[in-house]
Amino acid sequence: MAHDHHIFVFDPICYTGGSKFATREVLNLIDRQQHRLTILTSDPQSWQMKQANIISLPYPSWLPISDVGNGYWLRQFYFCWWILYVRCLHGSINVAVGASCPGNDMPLYLLKWLLRYKVAQFIHGNISISRSCGLCLYQADNVFYLHSAYASIIAVIQHRWRKRKPKIRDQKCQQLLSSGHFLPFINGIAKERAPSLCQYHTPTLFWAASLLKWKGLDLLLEVIRKTAVNQRIPTNICYLVPQNTTLPITLAPQPIESITWYQQPLSIDSIRASSNIFISTSDKEPFGLSILEALFAGMCIIIPKDGAFWDTQLTHKKNCLKYISNDRKSLQQQIDYISNNPQQLSILGTEAAILAQNYQAEQCYAVIIATLCQPNSTSV
């Protein structure tokens with residue numbers, strides 16, 4: 001029977017980010033004729049999808065944003081009420097997808113045994129160490145994680161058994177991780193949503209991320225400020241402002257000559273295509289979907305040498321340029337190099353586009369899709 005399998009996605013994060021983009025890529029590859037999709041979200045604009053029930057999750061001003069204590073649990077029980085509302089409105093749930101991390105997706109676990117669905121947890125970055133997060137990972141039916149998050153996952157699981165002897169704790173941790181419920185993945189982009197190719201005639205910088213401090217926009221702004229105005233490369237900065245977060249953020253826009261600012265633009269593909277030098281300033285980016293998009297667009301990629309995912313996949317002066325992490329002068333040197341050698345734009349960009357073909361969403365997410373679509377008769 002068509003639509004007899006209900007997949008529910010919980011998204012309490014109030015702003016767009018790479019994790020949502022990746023989850024959306026997965027969901028877009030699911031056959032909607034056979035699988036019903038409902039998304040409860042605090043950010044409906046992030047989920048412009050066809051044949052999906054998009055339900056707005058209100059975030060009232062009185063609701064705490066604390067990550068610990070009574071405020072945290074009040075927020076989780078508030079979200080539980082909304083999940084129960086969705087269950088009553090749209091029927092039984094077969095698979096509930098946590099699209100962020102266990103700490104954010106806690107309500108799915110609080111209601112798991114009542115509503116009798118399977119939980120598929122996505123982990124796109126390091127998770128905080130807490131007993132509750134460890135319990136969630138223990139209860140999850142499937143955990144799909146980026147390789148960069150593996151060390152934090154081990155730490156969280158070990159913390160759950162912290163009162164046991166080290167040998168027993170390590171043994172239990174290894175048993176859980178080898179159970180088949182934990183599977184690593186890499187992100188991809190579907191062919192039909194691949195970014196447009198960039199131009200190569202005029203060197204133009206491009207930066208795209210949230211304004212969270214760890215994304216490192218301040219580093220790029222410092223480089224531009226210390227460059228003489230007549231020597232600056234035109235720069236396009238696409239940014240989004242995080243909402244309901246206690247983390248520090250960078251002020252934007254700022255009146256800096258040569259920079260054009262875009263707040264969460266709908267036309268980001270055309271802005272990227274009008275540029276050709278992608279700058280990553282994030283500190284140990286867990287994956288970096290914006291980098292992958294730039295690779296698909298054939299851009300000249302400039303990334304930090306920080307041991308993060310793309311640092312291990314890309315080669316300096318073959319398909320990217322690299323600078324010393326958090327070093328303004330080093331970043332400036334790479335920007336100057338490509339500015340003085342514009343012929344390298346197309347050479348490095350072509351190699352980048354070739355490498356990007358290894359990250360087709362249809363292959364990267366095949367196991368996740370098969371798992372989410374597997375029949376489950378236990379839901380109520």
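I need the full set of residues from segment 108-137 which are basic (Lys, Arg) and without any contact (Cβ under 8 Å) to a residue 60 or more places away in the chain, in order please. Walk me through how you get there before you give the answer.
To start, the set of residues in segment 108-137 that are basic (Lys, Arg) comprises 112, 116, 118, 131.
112, 131, listed by residue number.
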The condition from (1) crowded, with 21+ Cβ neighbours inside 10 Å; (2) assigned to a loop (DSSP other than H, G, I, E, B); (3) among the aliphatic types (A, V, I, L, M) that residue 26 misses is numbered (2)
### Task
Examine segment 261-273 for a residue that is open to solvent by 50 Å² or more (accessible area, probe 1.4 Å), in contact (Cβ under 8 Å) with a residue 24 or more places away in the chain, among the charged types (D, E, K, R) and over 21 Å from residue 330 (Cβ atoms), and state whether such a residue exists.
yes
| query | Within segment 44-65, is even one residue assigned to a strand (DSSP E or B), of a type in the set (S, T, N, Q), open to solvent by 30 Å² or more (accessible area, probe 1.4 Å) and closer than 22 Å to residue 240 by Cβ? | reply | yes
Over segment 87-104, the set of residues of a type outside the set (D, E, K, R), surrounded by fewer than 22 Cβ atoms within 10 Å (Cβ to Cβ) and farther than 25 Å from residue 160 by Cα is 88, 89, 90, 91, 92
In segment 138-155, anything among the aliphatic types (A, V, I, L, M), touching a residue at least 40 places away in the same chain (Cβ under 8 Å) and part of a helix (DSSP H, G or I) is listed as 149
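Would you mind stating whether residue 283 is of a type in the set (D, E, K, R), open to solvent by 10 Å² or more (accessible area, probe 1.4 Å) and either assigned to a helix (DSSP H, G or I) or within 22 Å of residue 192 (Cβ to Cβ) (or both)?
Numbers: of a type in the set (D, E, K, R): yes; open to solvent by 10 Å² or more (accessible area, probe 1.4 Å): yes; either assigned to a helix (DSSP H, G or I) or within 22 Å of residue 192 (Cβ to Cβ) (or both): no.
Judged against the criteria, residue 283 is not a match.
Whether any residue in segment 183-195 is of a type in the set (D, E, K, R), over 27 Å from residue 77 (Cβ atoms), over 17 Å from the mean Cα position of the chain (by Cα) and modelled with pLDDT of 85 or more is what I want to check.
Step one: list which residues in segment 183-195 are of a type in the set (D, E, K, R), which gives 191-193.
Still in the list and also over 27 Å from residue 77 (Cβ atoms): 191-193.
With over 17 Å from the mean Cα position of the chain (by Cα) added as a condition, the list becomes 191-192.
If we keep only those that are modelled with pLDDT of 85 or more as well, we get 191-192.
Yes, the conditions are met somewhere in segment 183-195.
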Taking segment 156-169 and keeping only residues that are in a helix (DSSP H, G or I) and in contact with a helix residue (DSSP H, G or I) (Cβ under 7 Å, 6 or more places away or on another chain), one is left with 156, 157, 158, 159, 160, 169
Condition set in contact with a Lys or Arg (Cβ under 9 Å, 6 or more places away or on another chain) and not in a loop (DSSP other than H, G, I, E, B), scope segment 240-268, selection nearest to residue 198 (Cα to Cα): answer is 259
The helices (runs of 4 or more DSSP H) lying entirely within segment 295-380 that contain at least 2 residues which are in contact with a Leu (Cβ under 7 Å, 6 or more places away or on another chain), buried (at least 20 other Cβ atoms within 10 Å of the Cβ) and at pLDDT 95 or above are 328-340, 343-356
Considering residues that are β-branched (Val, Ile, Thr) and either surrounded by fewer than 21 Cβ atoms within 10 Å (Cβ to Cβ) or touching a Leu at 6+ places or on another chain (Cβ under 6 Å) (or both), the number found within segment 109-142 is 2
With respect to residue 38, is the statement that it is open to solvent by 20 Å² or more (accessible area, probe 1.4 Å) and hydroxyl-bearing (Ser, Thr, Tyr) true? no
Given the conditions (1) open to solvent by 60 Å² or more (accessible area, probe 1.4 Å); (2) over 25 Å from residue 42 (Cα atoms); (3) assigned to a helix (DSSP H, G or I), every one holds for residue 197 apart from (3)
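Pick from segment 149-190 the residues that are among the small types (Gly, Ala, Ser) and under 30 Å from residue 353 (Cβ atoms): which of them is surrounded by the most Cβ atoms within 10 Å (Cβ to Cβ)? Write out each step before concluding.
First, the residues of segment 149-190 that are among the small types (Gly, Ala, Ser): 149, 151-152, 155, 178-180, 188, 190.
Those still in the list that are under 30 Å from residue 353 (Cβ atoms) too: 149, 188, 190.
Working: 149: 20, 188: 23, 190: 16.
It comes out as 188.
The values are calculated or read from the model by the stated rules, or taken from the named source; none is laboratory data. Quick caveat: nothing in here was measured; it's all calculated off a predicted structure. Heads up, the Cβs are rebuilt from the backbone with ideal geometry, glycines too, and the neighbour counts pull from every protein chain shown. Areas reflect the complete protein model, heavy atoms only, side chains present, ligands, DNA and RNA absent. Shrake-Rupley method; radii C 1.70, N 1.55, O 1.52, S 1.80 Å.
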